[in-house]
1. How many residues are more than 11 Å from ligand 1 (Cβ to nearest atom) and outside any loop (DSSP other than H, G, I, E, B) if we restrict to segment 216-230?
2. Output the helices (runs of 4 or more DSSP H) that fall wholly within segment 313-423 and possess 3 or more residues being open to solvent by 50 Å² or more (accessible area, probe 1.4 Å), or say none.
3. Report, by residue number, each residue of segment 58-100 that is open to solvent by 10 Å² or more (accessible area, probe 1.4 Å), of a type in the set (Val, Ile, Thr) and assigned to a helix (DSSP H, G or I).
4. Could you pull out the residue among Ala233, Ala254 that is closer than 25 Å to Phe137 by Cα, of a type in the set (Gly, Ala, Ser), within 16 Å of ligand 1 (Cβ to nearest atom) and touching a residue at least 60 places away in the same chain (Cβ under 8 Å)?
5. Mind checking which pairs have a first residue in segment 330-351 that is within 16 Å of Gln378 (Cα to Cα) and a second that is assigned to a loop (DSSP other than H, G, I, E, B) and at pLDDT below 85, Cβ under 8 Å, 6 or more apart or different chains?
6. Cβ-Cβ under 7 Å, sequence separation 6+ or interchain: first residue in segment 213-224 and at positive phi, partner buried (at least 21 other Cβ atoms within 10 Å of the Cβ). Which pairs?
7. Quick check on segment 139-153. Is at least one of its residues of a type in the set (Asp, Glu), under 28 Å from Ala233 (Cα atoms) and more than 16 Å from ligand 1 (Cβ to nearest atom)?
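The values are calculated or read from the model by the stated rules, or taken from the named source; none is laboratory data. Owing to the predicted nature of the structure, the values given are computational and were not obtained by experimental measurement. Every residue, glycine as well, gets a Cβ built from its backbone with ideal geometry; the counts of neighbours run over all protein chains shown. Ligands, DNA and RNA are stripped out before the accessible areas are found, and what is left, the full protein with its side chains, is counted by its heavy atoms. Shrake-Rupley method; radii C 1.70, N 1.55, O 1.52, S 1.80 Å.
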Amino acid sequence: MNQIIFFDTTLRDGEQSPGASLTSSAKLTIARQLEKLKVDVIEAGFPVASEDDAYAVSLIGKELKNCVVCALARCVVRDIEIALRSLEKARKPRLHLFLATSEIHRKYKLSKAKDEIIKIARDMVKFAKNFIDDIEFSPEDATRTEPDFLLEVCKTVVEQGVKTLNIPDTVGYAVPEEYGNLIKFLRDNLPKTVILSVHCHNDLGLAVANSLAAIKNGARQVECTINGIGERAGNASLEEIAMNLVVRKGYYNAEIGIDTRQIYRTSKLVSSLTGIPVQPNKAIVGDNAFRHEAGIHQDGILKYRETYEIMHPKMVGIPESKLVLGKHSGRHALKIRLESLGISPDEDSLNRIFQQFKKLADRKKEINDLDLIALAEQETMPVSSEPIYTLEYFHILSGTTTVPSATVRIKKKGQVFEDASLGDGPIDALYKAIDRIVKLSPKLEEYRISAVTGGKDAQGEVTVALTIDKARVVGKGVSTDIIEASAKAYISAINQYFAKKGIKKRKYRGA
Ligand code: KIV
Ligand code: ZN
């Protein structure tokens, strides 16, 4: 049996998704969940890219106990030094070096000949090896590199002590059979001690298929992201690869350490914090992934589940939407139910979730698992610091014959501020009133509303993305009142902005 190493790059390549931008504390929240999911390696960032990224890598490295924490660097001394500094406190640090090798990149991007590429790769691995043992190397655009030259680069870095060789399909150009053959060619010609890794992009919709073909041909590490987010069309999706290896275990003959019951929660959390929704028909985690619409299918499912289902939703941690708690349920019952959903809050968090639960129970008679997940998510949303602004009160006037207006009261560290505004609609008026209080003019890039569960009393979940001073921030709010959810989401995004700004100001000096 072959143990597959899961290398999650949600926090690095995933964060390169258009529109996704995570604060360091949001990254830490996701990293904690990735550890619960039992991924083996977390690529936490590209430290030279920004101080916030370097800070995030250091925070994650300092806190995580089981996962290898990895930082990305180009084959440039300054990149390597900054990456190593951010990994200083990590229990299991890894440096991931990359250098483009394809003809098109050599000629147009780097203006370097083949022998220069070999020299840079050799020198930089040798340099880094003085400071860190676990080094991964990626010949960028490997799938468009001449195979013999690719092998030469790989042999060079392996001689210098690289332990994991990652073969990226950087532009999503490969097809499964061809990619599988490339992995086999490298496997046959490189020392068996080297771990071959794969990293596929989804430009032609083949990222998962290519990764699986590579596993079939000797790859031992797979690089992927939650929900398949990433640069352009994204990366290979972790949950799809994991469930292929579980459901078709007999075919792939591979073991995984992933706790698949944490998949759904992780997917929801990543979607919340990045503001990138999951398409309804997305395999494994989409809303429709386990829904049966056709009468014949429903009939089959009722008679014998396996007629139309190859895996049970429970395997990926999708809660069964049964009614669980109500107004009279106590704190203990809530704790037990949360634990059964894989959520183990500490005492303080549990108390806050319980307060929110009671408030919700006053408005909504039946509280089910999806409601509870939404409440718990609210608790994990906040980040490093206490939120600066909190909503105290709002009042809205709106109707077909009224000019919409909003009055809002917000608390800022004990002080209360109130203002009012007119608007094109109630949300516009609300947001303008908030802008007046916080003295900012955010650009509203996205506003999305969805229902957490079915029913007229469902909680509304609002996600907003704002641009403030060129920084993109995402906020989320949940309430049975959609205007309140909208206000909470907007204020949460503004709090994210201040958290981000605070981190930029802090001079980064290692963990
Ligand atoms: O797609 C790619 O080539 C990458 C490398 C940095 C591994 O993300
Ligand atoms: Zn990539």
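1. Residues of segment 216-230 more than 11 Å from ligand 1 (Cβ to nearest atom): 216-222, 224, 226-229.
Retained after the next criterion (residues that are outside any loop (DSSP other than H, G, I, E, B)): 216, 221-222, 224, 226-228.
The qualifying residues number 7.
2. Passing ranges, in order: 331-340, 347-363.
3. Those that are open to solvent by 10 Å² or more (accessible area, probe 1.4 Å), of a type in the set (Val, Ile, Thr) and assigned to a helix (DSSP H, G or I): Val77, Ile82.
4. None of the others qualify; the one that does is Ala233.
5. Close Cβ pairs (under 8 Å, with a partner that is assigned to a loop (DSSP other than H, G, I, E, B) and at pLDDT below 85) amount to Leu338/Ser344; Leu341/Pro319.
6. Gly218/Ile183; Gly218/Leu196
7. Of all residues in segment 139-153, those of a type in the set (Asp, Glu) come to 140-141, 146, 148, 152.
Imposing the further condition that a residue be under 28 Å from Ala233 (Cα atoms) reduces the set to 140-141, 146.
Then keep just the ones that are more than 16 Å from ligand 1 (Cβ to nearest atom); that gives 146.
Scanning segment 139-153 turns up at least one residue that is of a type in the set (Asp, Glu), under 28 Å from Ala233 (Cα atoms) and more than 16 Å from ligand 1 (Cβ to nearest atom).
Residue-by-condition table, conditions (1) within 15 Å of ligand 2 (Cβ to nearest atom); (2) farther than 22 Å from His96 by Cβ; (3) open to solvent by less than 10 Å² (accessible area, probe 1.4 Å):
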| position | (1), (2), (3) |
| --- | --- |
| Asp169 | yes, no, yes |
| Ala174 | yes, no, yes |
| Gly180 | no, yes, yes |
| Asn253 | no, yes, no |
